[in-house]
1. Based on what the data block shows, is residue 290 touching a residue at least 40 places away in the same chain (Cβ under 8 Å) and of a type outside the set (Gly, Ala, Ser)?
2. Determine whether residue 164 is buried (at least 17 other Cβ atoms within 10 Å of the Cβ), farther than 21 Å from residue 310 by Cβ and out of contact with any helix residue (DSSP H, G or I) (no Cβ under 8 Å at 6 or more places or on another chain).
3. Taking region 169-212, which residues are among the aliphatic types (A, V, I, L, M) and either touching a residue at least 40 places away in the same chain (Cβ under 8 Å) or part of a loop (DSSP other than H, G, I, E, B) (or both)?
4. For the structure I just gave you, tell me whether residue 44 is more than 21 Å from residue 240 (Cα to Cα), more than 18 Å from the chain's Cα centre (by Cα) and assigned by TED's automatic domain parsing to the domain that holds residue 108.
5. Based on what the data block shows, is residue 239 surrounded by fewer than 22 Cβ atoms within 10 Å (Cβ to Cβ), among the small types (Gly, Ala, Ser) and modelled with pLDDT under 95?
Amino acid sequence: MAESIYLSSCNKLAKVSIIGAGNVGRTLSQRLIERNLADVCLLDIVEGLPQGIALDLTEAQGLQSHHCEIMGTNNYVDTKDSDIVVITAGVARKPGMSRDDLLKINAKIVTEATQKSLYYSPNAIYLIVTNPLDVMTYLVWKTSDLPYDRVMGMAGVLDSARLETFIAFELGVSIHDVQGMVLGGHGDLMLPIPRYCTVSGIPITELLSPETIDKLIQRTRDGGAEIVRLLKTGSAYFAPASSACYMIESILFNQSRLLTAAAYVQGEYGLNDLFLGVPCRVGSNGVEQILEIKLTTEEREILQRSARSVRDSIDIALSFL
């Protein structure tokens with residue numbers, strides 16, 4: 001199993017603190033330590049919960065053959081000197097609840113988590129998972145005074161992974177040959193771009209009918225809601241945790257992977273002063289570059305609508321603070 005090359009001065013693995021020990025937080029903890037990517041500090045406000053999860057995962061260490069450490073805590077002091085802080089804390093979506101319904105309560109949770117963790121880890125890179133994701137990512141940046149390139153949201157990787165899955169199902173091909181591209185906000189106005197979605201380099205526009213592509217796009221937009229409806233008492237967490245782990249690996253190994261992240265735009269795509277899903281190079285410095293790909297007039301209009309929706313929610317969220 002690969003060792004992380006991102007080592008501290010005392011020859012230890014990097015430290016990732018995860019705020020929120022719900023399903024995403026605990027699954028991400030498992031992903032990180034079992035892949036030997038980082039030591040993990042799992043924090044939650046519920047006494048005993050993160051400690052129990054950490055102990056359970058530690059007791060599996062010998063069976064899983066990894067050497068990473070995980071600790072559970074209710075105290076932010078234990079997150080001190082984190083290289084990456086992941087915020088997953090917040091209220092989970094329930095059936096019939098939109099992401100924006102979560103806005104008010106999660107704005108308070110996320111900004112408090114940011115301020116408390118930043119006090120102990122002022123040099124950390126922040127990865128946001130809490131919904132509504134684009135808005136929460138903006139709030140973390142706005143309330144922390146962190147450089148914008150050290151704050152990012154996870155959703156584009158997840159949305160692209162969902163689309164890739166549906167393409168593989170439809171064509172009966174290996175998921176490993178499929179590459180997806182989904183831009184925009186993490187919600188109903190996300191922007192999958194079929195001509196940039198490929199199977200072994202072949203655009204899906206040459207493999208599938210427009211009607212089938214539209215069906216796959218709609219299922220991707222409804223991806224989270226579909227899982228909520230099936231679970232009835234929760235929301236997705238395996239794929240979100242894997243998406244966050246994918247991004248963390250690119251940061252820790254300085255891989256500069258090109259992926260879609262909620263990043264701060266300053267004129268790219270004609271947008272300003274918000275976080276939105278755009279193609280980025282992600283490495284050890286965080287968001288190292290935003291790439292502008294060519295969009296059609298229709299695609300640009302959809303992206304603008306998505307941005308306006310995020311902007312409206314940001315304005316509402318800021319009024320709560």
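1. Working: touching a residue at least 40 places away in the same chain (Cβ under 8 Å): no; of a type outside the set (Gly, Ala, Ser): yes.
The answer is no for residue 290.
2. Details: buried (at least 17 other Cβ atoms within 10 Å of the Cβ): yes; farther than 21 Å from residue 310 by Cβ: yes; out of contact with any helix residue (DSSP H, G or I) (no Cβ under 8 Å at 6 or more places or on another chain): no.
Taking the combined requirement at face value, the residue does not satisfy it.
3. Narrowing region 169-212 to residues among the aliphatic types (A, V, I, L, M): 171, 173, 175, 178, 181-183, 189-191, 193, 199, 202, 204, 207-208.
Those that are among the aliphatic types (A, V, I, L, M) and either touching a residue at least 40 places away in the same chain (Cβ under 8 Å) or part of a loop (DSSP other than H, G, I, E, B) (or both): 173, 181, 182, 183, 189, 190, 191, 193, 207, 208.
4. Considered against the rule, which asks whether it is more than 21 Å from residue 240 (Cα to Cα), more than 18 Å from the chain's Cα centre (by Cα) and assigned by TED's automatic domain parsing to the domain that holds residue 108, residue 44 comes out as no.
5. When the stated conditions are applied, residue 239 does not pass them.
Listed here are the residues, each with its yes/no results for (1) β-branched (Val, Ile, Thr); (2) at pLDDT 95 or above; (3) within 22 Å of residue 161 (Cβ to Cβ); (4) not assigned by TED's automatic domain parsing to the domain that holds residue 163.
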site: 252; (1), (2), (3), (4): no, yes, yes, no
site: 255; (1), (2), (3), (4): no, yes, yes, no
site: 265; (1), (2), (3), (4): yes, yes, no, no
site: 273; (1), (2), (3), (4): no, yes, no, no
site: 280; (1), (2), (3), (4): no, yes, yes, no
site: 301; (1), (2), (3), (4): no, yes, no, no
site: 305; (1), (2), (3), (4): no, yes, no, no
site: 308; (1), (2), (3), (4): no, yes, no, no
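So that you can scan it fast, the table gives a plain yes or no per residue for (1) in the same structural domain as residue 245 (by TED's automatic domain parsing); (2) at pLDDT 95 or above; (3) closer than 17 Å to residue 245 by Cβ; (4) of a type in the set (D, E, K, R):
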| site | (1), (2), (3), (4) |
| --- | --- |
| 5 | no, no, yes, no |
| 23 | no, yes, yes, no |
| 27 | no, yes, yes, no |
| 38 | no, yes, yes, no |
| 63 | no, yes, no, no |
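The values are calculated or read from the model by the stated rules, or taken from the named source; none is laboratory data. Since we're looking at a predicted model, the values are computed, not measured. Using ideal geometry, Cβ is built from the backbone for each residue, glycine included, and neighbour counts are taken over all protein chains shown.
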